[in-house]
Amino acid sequence: MIADTEKYGSEYEIVAIDMSKAFDCIDRKKLINVLKGIVAPSEYQMIRYILSDTCLTARIGGEYGERFGTTIGVPQGDALSPILFTIYLEAAMREFRNENPVQSQQESFNQDILYADDTDFVTQIRDQQQNNAQTVQKLSEVLQRWNLKVNTDKTEYIQINRRNIKDIAVRKLGNLISSEKDIPYRIAFADSVFRNLSRLWRNHHDITTQTKVNMYKSCIIPIMTYNIGANGAGDLSIQAFDKAQRRHLRYICGKTYLDMVSNVELYNITETKPISIMAAEQRWNLFKRVAKMENTTPAKRIMWKYFNTNNNKRVGKGGPRLTLHTSLCRDLKLIEMKFKTVNDYVNVTSALISESKNKNVICDQILSKKLRKYEHIYIPKEAIPNDPGLPAAIQLERDEETSTEQRS
């Protein structure tokens, strides 16, 4: 969607619906009726038993009130509750869609996206703005019949266009919509957590360097790589993660500029790989999963619209803006493949779909090309494809590890 806005000047509006205490308002009788037709009889009886004869007790200070029965809501903190709520909300949304069918026009995009209790309506703004306020009102009426309450005061209306795309500071599922803003936010967040663990990093007596690096990989790396596969920033912006990563690793290892430790040696000491390599790997793993989805899913629909649009003329001046599409194009250019026309899109997705679950041919070829500039840097064995064109140092290290395992 961001790439479509950047290239063709399309305008979208996201209506973020806010539901008040959604998990506490589920009508269990309706939920049981919905589950009856979609789960096995044994599972149905088990869920019915869990939700039946539920009693609550109010506590004020240290005193407890009388027990009373309840017929609404699902247990908070239970692993099954989010799944039950998702099924319940989907049943309500299907009733809404049947009563308010979308009259799709050519090249238009209208989609509702659900994640737990977060509901977003994404509409493309055509000649005049869609009456999304009326849509929210109709949805509120339908959800009220399912005992779900829409908080209209907290419902957000977010417009995305080419003029404001870099200034949007809206977070969706933990990421900022603007890739350029999300990167410094991720780095600042990682720096904050890294500083909070400073006592751990400074402990040179009881904790080994390898243990610290493992802690770093578990606590800090996931912050910077969270959903990085969907980030459309360019290589230079992604390399800001590499700089932050090396700064952290030098502090953990107690290395300063006086020690004259190069980046290559730092990666060797800590046995890590650059985050930019992780980003490329996650980007293609994500694209492969999307390629295998049904054509009716939001991600597949917007990609098809992007490549199949009749307006092939790019808007705006200057070179192409950096988006997820341009990142994929640059990756494929390394292995002499194109990704610009609808035929290219069909060819690439067909190749990804034909790959087996545990085999990533295209991704492995791209990573092998990207790893060439990191010659002599330690790369974990599982991340290195079996490619004879790899740098000799990396291929040799892999062969040595393989032979060591065989001897063991």
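The values are calculated or read from the model by the stated rules, or taken from the named source; none is laboratory data. Treat the numbers as computed from the prediction; the structure is a model and nothing was measured. When we count neighbours, we look across all protein chains shown, and the Cβ atoms used for this are built from the backbone with ideal geometry, even at glycine. Surface areas here come from the heavy atoms of the whole protein model, side chains and all, with no ligands, DNA or RNA. Shrake-Rupley method; radii C 1.70, N 1.55, O 1.52, S 1.80 Å.
Details
- Per the conditions (1) more than 23 Å from LYS369 (Cα to Cα); (2) open to solvent by 20 Å² or more (accessible area, probe 1.4 Å); (3) of a type outside the set (S, T, N, Q); (4) touching a residue at least 24 places away in the same chain (Cβ under 8 Å), the sole criterion not satisfied by ILE252 is (2).
- Out of GLY73, GLY61, sole residue that is touching a Cys at 6+ places or on another chain (Cβ under 8 Å) and on the phi > 0 side of the Ramachandran plot: GLY73
Residues are listed down the side, and each one gets a yes or a no for (1) part of a helix (DSSP H, G or I); (2) open to solvent by less than 40 Å² (accessible area, probe 1.4 Å); (3) not polar (S, T, N, Q):
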residue	(1), (2), (3)
LEU143	yes, yes, yes
ASN147	no, no, no
GLU180	yes, no, yes
PRO184	yes, no, yes
ALA190	yes, yes, yes
ARG199	yes, no, yes
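- Screening segment 325-408 for helices (runs of 4 or more DSSP H) wholly inside it with 2 or more residues that are surrounded by fewer than 17 Cβ atoms within 10 Å (Cβ to Cβ) and modelled with pLDDT of 85 or more returns the ranges 342-354.
- Residues of segment 56-84 that are loosely packed, with under 10 Cβ neighbours inside 10 Å and touching a helix residue (DSSP H, G or I) at 6+ places or on another chain (Cβ under 9 Å): GLN76 alone.
- Some residue of segment 174-196 being of a type outside the set (Ser, Thr, Tyr) and over 28 Å from GLN282 (Cα atoms): no
- Residue within segment 166-174 that is in contact with a helix residue (DSSP H, G or I) (Cβ under 6 Å, 6 or more places away or on another chain), at pLDDT 80 or above and either surrounded by fewer than 15 Cβ atoms within 10 Å (Cβ to Cβ) or aliphatic (A, V, I, L, M) (or both) present: no
- The residue of segment 201-212 that is modelled with the lowest pLDDT, among those that are in a loop (DSSP other than H, G, I, E, B) and not polar (S, T, N, Q), is HIS204.
- Residue tally, condition of a type in the set (Gly, Ala, Ser), over 38 Å from the mean Cα position of the chain (by Cα) and not in a loop (DSSP other than H, G, I, E, B), over segment 48-92: 1
- In segment 39-55, the residues that are surrounded by 11 or more Cβ atoms within 10 Å (Cβ to Cβ) and of a type in the set (A, V, I, L, M, F, W, C): VAL39, MET46, ILE47, ILE50, LEU51
- Of all residues making up segment 213-239, the number that are modelled with pLDDT under 90 and either part of a helix (DSSP H, G or I) or open to solvent by less than 30 Å² (accessible area, probe 1.4 Å) (or both): 12
- Any hit, segment 7-25, residues being at pLDDT 85 or above, within 16 Å of GLN144 (Cα to Cα), open to solvent by less than 60 Å² (accessible area, probe 1.4 Å) and outside any helix (DSSP H, G or I): yes
- Looking across segment 263-304 at every residue that is open to solvent by 50 Å² or more (accessible area, probe 1.4 Å) and not in a helix (DSSP H, G or I), the one that is modelled with the lowest pLDDT is identified as THR296.
- Residue check, GLU95 part of a loop (DSSP other than H, G, I, E, B) and surrounded by fewer than 18 Cβ atoms within 10 Å (Cβ to Cβ): no
- For the residues MET224, MET278, the requirement of being closer than 30 Å to LYS369 by Cβ and touching a Lys or Arg at 6+ places or on another chain (Cβ under 6 Å) singles out MET224.
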